[in-house]
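> Supplied in structure tokens, the structure appears directly below.
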Amino acid sequence: MKKFNIRKVLDGLTAASSSSSATAQPGTPRETDVIQETLQSEHFQLCKTVRHGFPHHPSSMAFDPVQKILAVGTQTGALRLFGRAGVECYCQHESGAAVIQLQFLINEGALVSALADDSIHLWNLRQKIPAILHSLKFSRERITYCHLPFQSKWLYVGTERGNIHIVNVESFTLSGYVIMWNKAIELSTKTHPGPVVHISDNPMDEGKLLIGFECGVVVLWDLKCKKADYRYSYDEAIHSVAWHHEGKQFVCSHSDGTLTTWNVRVPAKATQIITPHGKQPKDGKKPEPCKPILKVEYKTTRAGDPFMVLSGGLSYDTVGRRACLTVMHGKSTTVLEMDYPIVDFLTLCETPYPNDFQEPYAVVVLLEKDLVVIDLGQIGYPIFENPYPLTIHESPVTCCEYFADCPDEIIPALYSVGSRQKRQGYSKKEWPISGGNWGQGTQSYPEIIITGHADGTIKFWDASALMLQVLYKLKTAKVFERARGKEDKSSTEIVEEDPFAIQTMSWCPESRMLCVAGVSAHVIIYRFSKQEVTTEVVQLLEVRMQCEFSNGDSPDTGGEKTPTLPTPGASSSPQESEPPTQPSTGSNSTDGPRDNIPCLQVRSSPLKQSPGYQVELVIQLVWVSGEPPQPITSLAINSSYGLVVFGNTNGLAVVDYLQKTLLLNMGTTELCSPSDPYPRQPRSPRKPRQPSGAPCDTNDGSNTSEDRCKSPTSVKFKSRRFSKTVANDFAKMSRRISSSSEQKTDVDAKDNSFTRSRSSSVTSIDRESREAISSFHFCESFPRKVDSLVSPCLLVGTTQGSVMMVALSLPPGGDQRLQQPVGISSCGTMVRLKGGILTMALLDATGTLLPPSYEPWYDSNASEEEKEKSRKRRPASPPSSQDGQDSQFAVLCSEKQAKVVAMPSQTRIYKHSITESSFVLRADVVQMSGANCITCFCANGHIMALSLPSLRPLLDVNYLPLTDMRIARTFCFSNVGQALYLTSPTEIQRITYSQETCDNLQEMLSELFTPVETPEAPNRGFFKGLFGGGAQSLDREDLFGETAAGKASRSLAQHIPGPGSMEGMKGAASGVVGDLARARIALDERGQKLGELEERTAAMMASADSFSKHAHDMMLKYKDKKWYQL
């Protein structure tokens, strides 16, 4: 018997927490063989890094014309800031209230945000992680509109009551100067004018403020005289107002689709009223009303006609027409259709000064799900090519994989084929939002993110250096025939919407082989090639997989085996198991059950395949006796062996994609050998359905300890549906997580959605209890305990916690590999864990990770000479076992626990209970700091890390509670301490669990603010200066300061100091160093105050001495004089 390793036992006991324990077992390596683990808890720290994608539910936008930075606010209180390609920043308001308006302090590195909870905030953008400097919370009035004049420190705040308050943005205090609505409108007006919808100062006179009320009244207010100069009235509600740069005219947009132009000095009547999209009657009557014009901007040019840009205003008879942006330039009117509704738009101009010719050159249009920039300088108004990764949600993301530290040549290869997919017709000019600078990070390893989508597309993204850029897009739906309409839809489809949606992926970066599984029970194998080819006939393999116990009416049958099922434990030849390679002529009549027919039809016409990923083989599961095929739950590909394996609730299938043959099609229970120490019991409690001779259920329906600890996600991989059903899945999953009691799930095999029931329905129990395949791992190990040499193997994990070994016998390479069959034999169950198996890996005797073998990439369409140069099979690296010693460790992780098993003895070395009250959603074996560890994400929001092989807890942080299924479906870990998940349908959040990355994060992040000189103010000209023309300035300090205006009411708004003033110090120092720095600053301040006090004391003493001296002199002077001599 092997020696107990007391040191490891004690280490495990001391490292374990009260809720989880790691235990060492007899069979631990000898004292001389103890693996020195280098990873410690100080190597780990969790923090967010960057957020990519389109801002979810955008609500407002602002642009700094000098810094060239764009800010976007959302309905959830988020702020996204964009500069040049690769310069992005995300920050969040704590309240989560919608951002209703944003205002830059132009070229000051600051931003003012107004929220729906009636608060305004000042953000400091001069640091890499922006922070709030000041906040002001209004308590008696609702904020509706804000305006900050260029180079002014006074912010005008309009409210729902029609009043205007003025805020000093330096101190964030209210001025006593208030413009009350009843003083602004005419005294004869009996009704309230409504909320303030617009505020702006006259471009030529800062002392005149234009105020727009919702009812249609516009007031020109004289700030010095505190009275209204002019009032302009129109009988339709106002949505926006825009000035001509000379300050003599302004334009209003109204709710009836009209634009009114007013002369400042002629308030009685508008000088022009037009309805841009209204039909003009011939009899001269008023045109028919249109939809409201929500916003208008009026921009002038030196050389030509002014531009008028507006959103909305279409006629009511254009029902169903998409949202439009209208550009009016001279006599031409151009209507630009948008793909989504318009949230806001801004016209970008050459100058920040409102009293100069604006010279517009582009329009930024913020849509509900996109950001479009239109070039105003080219004919036809083309759009700019967007450099930001805003198309993540082009089709809903259904799955995600993250690969850090990839081969160096993979990104250039994908970029070269992806660059040919780019659209044409973009503007020739450079992207106009060009502010900020990239970070100076030292980490430069290649990173790739792969996203699978509901429409069947797969996108490859370059995620290196905290940036994100799309490399290549693959459309898997091209392989299939598309239904032109609902009437053409096949009755065999098991998914109503998105039948091509990607369910899971397996990618080998070294060989560039890609395998994807879709919701319609199909698997597609792709090979990467730089040559364009035309495939005359797509290679197709149909597989008939059925459950081990039939759900038919015959109670005495134990389920009909598939015709291609080999005997367990014996090799399967392709002659025995190969199904027809052409589509079967299955039964699909209305009077009989569907049988032997796939869910989708592979295209019959030739398929032109561009350079990139090209179809090698299509595998489809077929209907069996009227039952649809079960969704594929797990998938793996190995380029060295030329094999693909996939599984579902019915079992697993192994396919040789080189020979295009089915090697194995076996039920889960049949993978177990007769001597299996973990025998399977009949899964259905219906005794008539038990096969004769089957062992009885001794528990009589009661839960065993294994059943009680089983997580609700024992069959979670089955339940991936998209589009309409995805919301239901999220809601149901949330209910399950919040429930305190561990209940069994019943999985409806027809709609594949999570359901919850306390019913003891026999059908529900039967379906839930199917043991689905949950994970695979190709490796080179010892298939049986008695083996002394490694050989190709396949580890199979199930949702019931079983880990089984399958031995593979590969023929020699070259032509023999394509002619001789691959032998497969099941070696039975190796070990069993609580909960479904999530991940498996193999370590050698030194604790080094043994990755699956692979074949280096070669271009299959290249010449034979080039193929032979690059095509070399990577030799097997694991050593053989000598003297009966264990030379490998199998690392196994389930939803509840982790185990390390010595190979080939299959002795459990370490065991760790990860969670009792929750369950693990995602687990990966990753490499970090030159060592390996297991990383886990639990449904209760905890992110954990365990050392290998001793399973010591290294990290346990309560990071993110699972609020919806999107996070569970997309969360993934990668090497070098990286992880990501979809935080919203449109955004990817990247995080790191590496202390080193957290320490270097400040350097890696991009800079938003760069020192830029403000352009010179426009020249007034000789005659304007002589005769008093040109812009009139205003000393707002004299007008709004406390001396002139007094103090504002304290109950009106509350000032809240922000954390931003400490942010620079926090970024420079953390922990004890930060505390010392803060203490030093406090001491300096105290010393400074003490010094000032000492100076004041000395001054008082000097003053007292002087007074005493003068008093003494006076006393001597009048000492001997009488009172009448004074």
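The values are calculated or read from the model by the stated rules, or taken from the named source; none is laboratory data. None of the values given here were measured: they were computed from a predicted structure. Here the Cβ is made from the backbone with ideal geometry for all residues, glycine too, and neighbour counts use every protein chain on show. When the accessible area is computed, the model is the full protein with side chains, heavy atoms only, and any ligands, DNA or RNA have been set aside. Shrake-Rupley method; radii C 1.70, N 1.55, O 1.52, S 1.80 Å.
> Taking residue 291 as the residue in question, decide whether it is of a type in the set (D, E, K, R) and touching a residue at least 24 places away in the same chain (Cβ under 8 Å).
yes
> Are there any strands (runs of 3 or more DSSP E) wholly within segment 39-80 with 2 or more residues that are in contact with a helix residue (DSSP H, G or I) (Cβ under 9 Å, 6 or more places away or on another chain) and touching a residue at least 24 places away in the same chain (Cβ under 8 Å), and if so which?
Answer list for segment 39-80: 44-53.
> So, one more: Please state which one of 137, 68 is buried (at least 19 other Cβ atoms within 10 Å of the Cβ), over 20 Å from the mean Cα position of the chain (by Cα) and among the charged types (D, E, K, R).
None of the others qualify; the one that does is 68.
> While we're on this one: Taking the residues in segment 939-987 that are charged (D, E, K, R) and within 29 Å of residue 843 (Cα to Cα) as candidates, determine which candidate is surrounded by the fewest Cβ atoms within 10 Å (Cβ to Cβ).
Of everything passing the filter in segment 939-987, 956 is surrounded by the fewest Cβ atoms within 10 Å (Cβ to Cβ).
> Something else about it: Are any residues in segment 515-529 in a strand (DSSP E or B), under 27 Å from the mean Cα position of the chain (by Cα) and farther than 18 Å from residue 603 by Cβ, and if so, which ones?
515, 517, listed by residue number.
> Ok, one more. May I ask you to say which residue of 574, 611 is open to solvent by less than 20 Å² (accessible area, probe 1.4 Å), at pLDDT 80 or above and of a type outside the set (Ser, Thr, Tyr)?
Answer to the check: 611.
> Out of all the residues in segment 210-236, which are touching a residue at least 24 places away in the same chain (Cβ under 8 Å) and within 43 Å of the chain's Cα centre (by Cα)?
210, 211, 212, 213, 214, 215, 216
Conditions tested, residue by residue: (1) part of a loop (DSSP other than H, G, I, E, B); (2) among the charged types (D, E, K, R); (3) modelled with pLDDT of 95 or more; (4) farther than 18 Å from residue 529 by Cα.
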| residue | (1), (2), (3), (4) |
| --- | --- |
| 445 | yes, no, no, yes |
| 451 | no, no, yes, yes |
| 458 | no, no, yes, no |
| 465 | no, no, no, yes |
| 472 | no, no, yes, no |
| 484 | yes, yes, no, yes |
| 487 | no, yes, no, yes |
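> Name the residue that is farthest from residue 156 (Cα to Cα), counting only residues in segment 178-237 that are hydroxyl-bearing (Ser, Thr, Tyr) and crowded, with 16+ Cβ neighbours inside 10 Å.
Among those that are hydroxyl-bearing (Ser, Thr, Tyr) and crowded, with 16+ Cβ neighbours inside 10 Å, it is 234.
> List pairs: first residue in segment 389-402 and more than 22 Å from residue 467 (Cβ to Cβ), second residue open to solvent by 20 Å² or more (accessible area, probe 1.4 Å) and assigned to a loop (DSSP other than H, G, I, E, B) anywhere in the structure, Cβ distance under 6 angstrom, at least six positions apart or on different chains.
395/455
> Is at least one residue of segment 172-187 in a strand (DSSP E or B), under 24 Å from residue 1041 (Cβ atoms), of a type outside the set (Lys, Arg) and at pLDDT 95 or above?
no
> Can you name every residue in segment 829-848 that is buried (at least 18 other Cβ atoms within 10 Å of the Cβ) and in a strand (DSSP E or B)?
Within segment 829-848, 829, 830, 831, 832, 837, 838, 839, 840, 841, 842, 843 meet the criteria.
> Being under 39 Å from the mean Cα position of the chain (by Cα) and either open to solvent by 60 Å² or more (accessible area, probe 1.4 Å) or among the β-branched types (Val, Ile, Thr) (or both) narrows it down to one of 294, 310, so name that one.
Result of the check over 294, 310: 294.
> Those residues that are within 18 Å of residue 254 (Cβ to Cβ) and either exposed (fewer than 12 other Cβ atoms within 10 Å of the Cβ) or in contact with a His (Cβ under 8 Å, 6 or more places away or on another chain) (or both), I need them from segment 317-341; list them, please.
Within segment 317-341, just 326 meets the criteria.
> Looking at this structure, is residue 412 without any contact (Cβ under 8 Å) to a residue 12 or more places away in the chain, open to solvent by less than 90 Å² (accessible area, probe 1.4 Å) and not acidic (Asp, Glu)?
So residue 412 fits the description; yes.
> If you take the residues of segment 81-107 that are more than 25 Å from residue 1057 (Cβ to Cβ) and assigned to a strand (DSSP E or B), which of them is farthest from the chain's Cα centre (by Cα)?
Among those that are more than 25 Å from residue 1057 (Cβ to Cβ) and assigned to a strand (DSSP E or B), it is 82.
> Within segment 828-850, track down each residue that is modelled with pLDDT of 90 or more, in contact with a Cys (Cβ under 9 Å, 6 or more places away or on another chain), closer than 23 Å to residue 784 by Cβ and not β-branched (Val, Ile, Thr).
Answer for segment 828-850, where residues must be modelled with pLDDT of 90 or more, in contact with a Cys (Cβ under 9 Å, 6 or more places away or on another chain), closer than 23 Å to residue 784 by Cβ and not β-branched (Val, Ile, Thr): 833, 840, 841, 842, 850.
> Let me ask something else. With 894, 905, 913, 947 as the choices, which residue is at pLDDT below 95 and among the hydroxyl-bearing types (Ser, Thr, Tyr)?
905
> Now for a separate question. So, in segment 884-896, of the ones that are in a strand (DSSP E or B) and open to solvent by less than 10 Å² (accessible area, probe 1.4 Å), which residue ends up nearest to residue 791 (Cα to Cα)?
So, considering only residues that are in a strand (DSSP E or B) and open to solvent by less than 10 Å² (accessible area, probe 1.4 Å), the one nearest to residue 791 (Cα to Cα) is 888.
> I need the full set of residues from segment 591-646 which are under 21 Å from residue 658 (Cβ atoms) and among the aromatic types (Phe, Trp, Tyr), in order please.
613, 641, 646
> If I go through segment 806-833 residue by residue, how many of them are touching a Gly at 6+ places or on another chain (Cβ under 6 Å) and among the basic types (Lys, Arg)?
Counting residues in segment 806-833 that are touching a Gly at 6+ places or on another chain (Cβ under 6 Å) and among the basic types (Lys, Arg) gives 1.
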